[in-house]
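Notes to accompany the following structure.
The values are calculated or read from the model by the stated rules, or taken from the named source; none is laboratory data. All of these numbers come straight from a predicted model, not from anything done at the bench. Cβ sites come from the backbone with ideal geometry, for glycine too, and all protein chains shown count toward neighbours. All accessible areas refer to the heavy atoms of the entire protein, side chains included, with ligands and DNA or RNA removed. Shrake-Rupley method; radii C 1.70, N 1.55, O 1.52, S 1.80 Å.
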Amino acid sequence: MPERRTVALVTLGCARNEVDSEELAGRLAADGWELVEDASDADVAVVNTCGFVEAAKKDSVDALLEANDLKDHGRTQAVVAVGCMAERYGKDLAEALPEADGVLGFDDYADISDRLQTILSGGIHASHTPRDRRKLLPISPAERQDAAVALPGHAQEIAPAPADLPEGVAPVSGPRAPLRRRLGTSPVASVKLASGCDRRCSFCAIPSFRGSFISRRPSDVLGETRWLAEQGVKEVMLVSENNTSYGKDLGDIRLLETLLPELAAVDGIERIRVSYLQPAEMRPGLIDVLTSTPKVAPYFDLSFQHSAPGVLRAMRRFGDTDRFLELLDTIRGKAPQAGARSNFIVGFPGETEDDLAELERFLTGARLDAIGVFGYSDEEGTEAVGYDDKLDADVIAERLAHISQLAEELTSQRAEERMGETLQVLVESVEPTEDEPRAYGRAAHQAPETDGQVLFTTREGLLPGRMVEAKVVGTEGVDLIAECSELGEVAR
């Protein structure tokens with residue numbers, strides 16, 4: 001009998017990283033590794049890092065150090081870094097953080113089992129030298145589909161599915177897709193629609209380590225969604241760096257409008273949600289599909305970032321307050337209950353008091369359900385690092401606190417506006433405690449982790465994965481309190 005090998009995956013960052021972790025889990029399980037939930041029970045702890053902003057990088061380092069501590073008093077023998085931070089910094093991260101026994105880039109994912117076995121056996125796998133991954137794919141989007149480049153979530157070559165896969169592991173979209181194994185029992189799962197980004201926002205380093213934009217084929221996305229439905233998933237969230245560009249490299253920029261109804265028709269799926277939308281790329285047909293297709297959430301995760309024209313141009317972005325408000329009015333004219341959220345950067349180089357006032361004007365008029373606010377910080381390798389007119393750290397901190405407080409007030413007001421609305425809510429968890437039994441879920445305007453949740457007034461008849469109709473009767477900040485208006489034969 002082969003020697004028992006255990007591995008735990010610790011995931012930080014966004015939903016795209018969660019999908020990558022499940023791909024790694026599928027590859028490892030198919031090669032005989034036993035997946036465990038707790039890193040202290042694993043021979044190897046694999047930390048899927050985030051390299052987006054300074055705070056996320058710090059969290060990643062902290063997670064690696066915490067995993068390393070397990071080597072002194074647990075089963076853990078090795079700690080390995082993967083993910084965006086590992087890809088972005090490679091050997092520099094390995095030198096700065098000797099506590100990590102290995103730093104693996106995206107090119108290592110296809111051979112993850114061999115890499116971990118080498119490290120576990122005391123061998124050394126040389127950390128990669130970081131490179132601009134935008135240069136690995138052709139400049140022309142139409143020529144990218146057949147490029148032999150490692151892309152997490154994408155198949156690298158057409159090959160037959162491995163034989164005798166363990167239960168719960170599948171080549172989820174047939175021969176062109178990677179293996180995947182779910183890491184949890186949530187009724188919600190993310191599916192990668194694409195990878196990379198062709199935009200050149202002056203503050204963002206993501207394209208340099210995630211690469212240029214490349215779509216997954218519709219058949220792959222459909223196949224993965226069907227497989228997830230077989231695993232009990234009820235809601236699928238489509239993720240990528242920019243979903244509004246989907247299909248441009250496949251010859252049809254409107255491909256998402258065709259794909260969404262097909263995904264919604266998958267047996268067992270109750271809701272399809274699309275995240276990461278670029279305001280400058282929104283088009284009438286996409287708005288129509290998102291607001292009128294049964295089982296497709298009228299949910300708009302719009303990347304505004306700011307609303308003052310001068311700041312947006314310095315960010316290499318487009319739009320202004322009035323155009324953004326007009327876009328939201330168009331959406332709500334078609335679906336009054338539609339959800340809308342966004343993130344914003346304050347303290348960008350050259351941002352004036354008038355620019356901040358313009359952002360306040362937009363936020364006040366936008367009625368967003370959720371708002372994320374970040375203070376500007378230099379990200380190496382970005383254009384904005386070289387900008388003049390940098391603001392002092394204390395000014396950025398003051399503006400961040402001010403806009404964050406405003407955002408909290410405005411999102412609470414928006415939640416109160418939903419009083420009396422009847423919502424379709426997916427039950428996600430039912431707490432068994434007797435002291436204060438609670439059941440929680442999310443409505444169509446609430447994405448996982450970021451947008452608040454629904455607290456039910458009773459847990460009777462509620463099970464995770466069940467879609468119920470509920471009426472909003474109260475609020476707690478951005479969270480809604482709701483009572484079920486019926487518990488008939490709905491999705492179980």
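Looking only at residues of segment 176-202 that are open to solvent by 10 Å² or more (accessible area, probe 1.4 Å) and β-branched (Val, Ile, Thr), we find that the one that is modelled with the lowest pLDDT is Thr185. Which residue out of Ala280, Ala297, Ala205 is crowded, with 22+ Cβ neighbours inside 10 Å and under 29 Å from Val346 (Cβ atoms)? Among Ala280, Ala297, Ala205, only Ala297 is crowded, with 22+ Cβ neighbours inside 10 Å and under 29 Å from Val346 (Cβ atoms).
Output the residue which, of all residues in segment 305-318 that are part of a loop (DSSP other than H, G, I, E, B) and in contact (Cβ under 8 Å) with a residue 60 or more places away in the chain, is farthest from Pro349 (Cα to Cα). This residue is Arg317. So if I check each of Arg466, Arg414, which one is of a type outside the set (A, V, I, L, M), farther than 30 Å from Leu312 by Cα, open to solvent by less than 60 Å² (accessible area, probe 1.4 Å) and in contact with a Leu (Cβ under 8 Å, 6 or more places away or on another chain)? Among Arg466, Arg414, only Arg466 is of a type outside the set (A, V, I, L, M), farther than 30 Å from Leu312 by Cα, open to solvent by less than 60 Å² (accessible area, probe 1.4 Å) and in contact with a Leu (Cβ under 8 Å, 6 or more places away or on another chain).
Look at segment 301-314 and say how many of its residues are open to solvent by 10 Å² or more (accessible area, probe 1.4 Å) and either farther than 18 Å from Ala370 by Cα or out of contact with any helix residue (DSSP H, G or I) (no Cβ under 9 Å at 6 or more places or on another chain) (or both). Residues in segment 301-314 being open to solvent by 10 Å² or more (accessible area, probe 1.4 Å) and either farther than 18 Å from Ala370 by Cα or out of contact with any helix residue (DSSP H, G or I) (no Cβ under 9 Å at 6 or more places or on another chain) (or both): 4 in total.
Being closer than 18 Å to Cys201 by Cβ and either touching a strand residue (DSSP E or B) at 6+ places or on another chain (Cβ under 7 Å) or open to solvent by 10 Å² or more (accessible area, probe 1.4 Å) (or both): is that true of Asp378 here? Spell out how you get there, then give the answer.
Details: closer than 18 Å to Cys201 by Cβ: yes; either touching a strand residue (DSSP E or B) at 6+ places or on another chain (Cβ under 7 Å) or open to solvent by 10 Å² or more (accessible area, probe 1.4 Å) (or both): yes.
Yes.
Could you check, for segment 336-348, whether at least one of its residues is more than 22 Å from Glu398 (Cβ to Cβ), β-branched (Val, Ile, Thr) and open to solvent by 10 Å² or more (accessible area, probe 1.4 Å)? No - not one qualifying residue is present in segment 336-348. When only residues in segment 27-43 that are within 11 Å of Ile112 (Cβ to Cβ) and either not hydrophobic (A, V, I, L, M, F, W, C) or not in a helix (DSSP H, G or I) (or both) count, which is modelled with the highest pLDDT? For segment 27-43, the residue satisfying everything is Trp33.
Restricting to segment 1-14, and then to whatever is more than 18 Å from the chain's Cα centre (by Cα) and not hydroxyl-bearing (Ser, Thr, Tyr), can you tell me which residue is surrounded by the fewest Cβ atoms within 10 Å (Cβ to Cβ)? Even if it seems obvious, please write down each step before you answer.
Of all residues in segment 1-14, those more than 18 Å from the chain's Cα centre (by Cα) come to 1-8.
Narrowing the set further to residues that are not hydroxyl-bearing (Ser, Thr, Tyr) leaves 1-5, 7-8.
Numbers: Met1: 3, Pro2: 5, Glu3: 6, Arg4: 9, Arg5: 17, Val7: 25, Ala8: 24.
Checked segment 1-14; the qualifying residue surrounded by the fewest Cβ atoms within 10 Å (Cβ to Cβ) is Met1.
With respect to the conditions (1) open to solvent by less than 30 Å² (accessible area, probe 1.4 Å); (2) modelled with pLDDT under 95; (3) outside any helix (DSSP H, G or I), Ile272 falls short on a single one, namely (2). Looking at segment 315-328, is at least one residue within 29 Å of Val395 (Cβ to Cβ), modelled with pLDDT under 95 and either open to solvent by 30 Å² or more (accessible area, probe 1.4 Å) or in contact with an Asp or Glu (Cβ under 7 Å, 6 or more places away or on another chain) (or both)? Yes.
Of all residues in segment 93-133, those being open to solvent by 40 Å² or more (accessible area, probe 1.4 Å), under 15 Å from Thr49 (Cβ atoms) and in contact (Cβ under 8 Å) with a residue 60 or more places away in the chain number 1.
Only residues that are among the charged types (D, E, K, R) and under 27 Å from Glu428 (Cα atoms): list them for segment 241-271, please. Please lay out each step first, then the result.
Quick first cut of segment 241-271, residues among the charged types (D, E, K, R) only: 241, 248-249, 252, 254, 257, 262, 267, 270-271.
Residues satisfying the conditions are Glu241, Glu262, Asp267, Glu270, Arg271.
Conditions (1) assigned to a loop (DSSP other than H, G, I, E, B); (2) touching a Leu at 6+ places or on another chain (Cβ under 6 Å); (3) closer than 30 Å to Gly420 by Cβ; (4) touching a residue at least 40 places away in the same chain (Cβ under 8 Å), marked per residue:
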{"residue": "Gln337", "(1), (2), (3), (4)": "yes, no, yes, yes"}
{"residue": "Ala340", "(1), (2), (3), (4)": "no, yes, yes, yes"}
{"residue": "Phe344", "(1), (2), (3), (4)": "no, no, yes, yes"}
{"residue": "Phe348", "(1), (2), (3), (4)": "yes, no, no, yes"}
{"residue": "Gly372", "(1), (2), (3), (4)": "no, no, yes, yes"}
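Quick grid of which residues meet (1) open to solvent by less than 20 Å² (accessible area, probe 1.4 Å); (2) among the aromatic types (Phe, Trp, Tyr); (3) not in a helix (DSSP H, G or I):
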| site | (1), (2), (3) |
| --- | --- |
| Arg16 | no, no, no |
| Ser21 | yes, no, no |
| Ala45 | yes, no, yes |
| Val61 | no, no, no |
| Ala67 | yes, no, no |
